[in-house]
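Derivation of every value follows stated rules applied to the coordinates shown; laboratory data play no part. In this text the structure is predicted, and so the values were computed from the model without any measurement. Counting neighbours? That spans all protein chains shown, and the Cβs are built from the backbone with ideal geometry, glycine included.
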């Protein structure tokens, strides 16, 4: 389900993200989204004004699109217009704590989420262990192969002691 974000409304919420993720900019929000349960969703981040020099850089992607409202209108105006023109508003989740945007979204039957709730979900996902990034030190050690298993693999691969560079086993017979 695509997400439509009132970006600056979200970025100005305080006290929800953990200290290491707090104070993010647009690029930081995109990073949190990419590492969350929303990573596969299409996300449109709508921002007021124009991009600022020196703000965090982000890689354009098929998943995340950033729209700036420009000087003549607000991000709220852009979001309201996008909701009004959506061909599938029930599939569009609108994220904002702005009451006008929430009312507009609900009139079109868009699911809504508050900025605080989105940040709570992102903080939860940020804190969750990621199984694919666990270090070897964090894994349960595997039991070593039994001597019989080692012998079997040596036979399967047709290896000899010189190839293995191990001293010959007293139990293993050459042949």
Hey, can you tell me all the residues within segment 88-98 that are farther than 15 Å from residue 117 by Cβ and either out of contact with any strand residue (DSSP E or B) (no Cβ under 9 Å at 6 or more places or on another chain) or surrounded by fewer than 19 Cβ atoms within 10 Å (Cβ to Cβ) (or both)? 88, 89, 90, 91
So which residues in segment 15-26 are without any contact (Cβ under 8 Å) to a residue 60 or more places away in the chain, surrounded by 10 or more Cβ atoms within 10 Å (Cβ to Cβ) and in a loop (DSSP other than H, G, I, E, B), if there are any at all? 22, 23, 24, 25
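Within segment 74-87, is there a residue that is in contact (Cβ under 8 Å) with a residue 12 or more places away in the chain and exposed (fewer than 13 other Cβ atoms within 10 Å of the Cβ)? Quick ask: steps written out before the conclusion?
So the first thing to find is which residues in segment 74-87 are in contact (Cβ under 8 Å) with a residue 12 or more places away in the chain, and the list is 74-76, 78-80, 82-84, 86.
Okay, now just the ones that are also exposed (fewer than 13 other Cβ atoms within 10 Å of the Cβ), so 84.
There is at least one residue in segment 74-87 that is in contact (Cβ under 8 Å) with a residue 12 or more places away in the chain and exposed (fewer than 13 other Cβ atoms within 10 Å of the Cβ).
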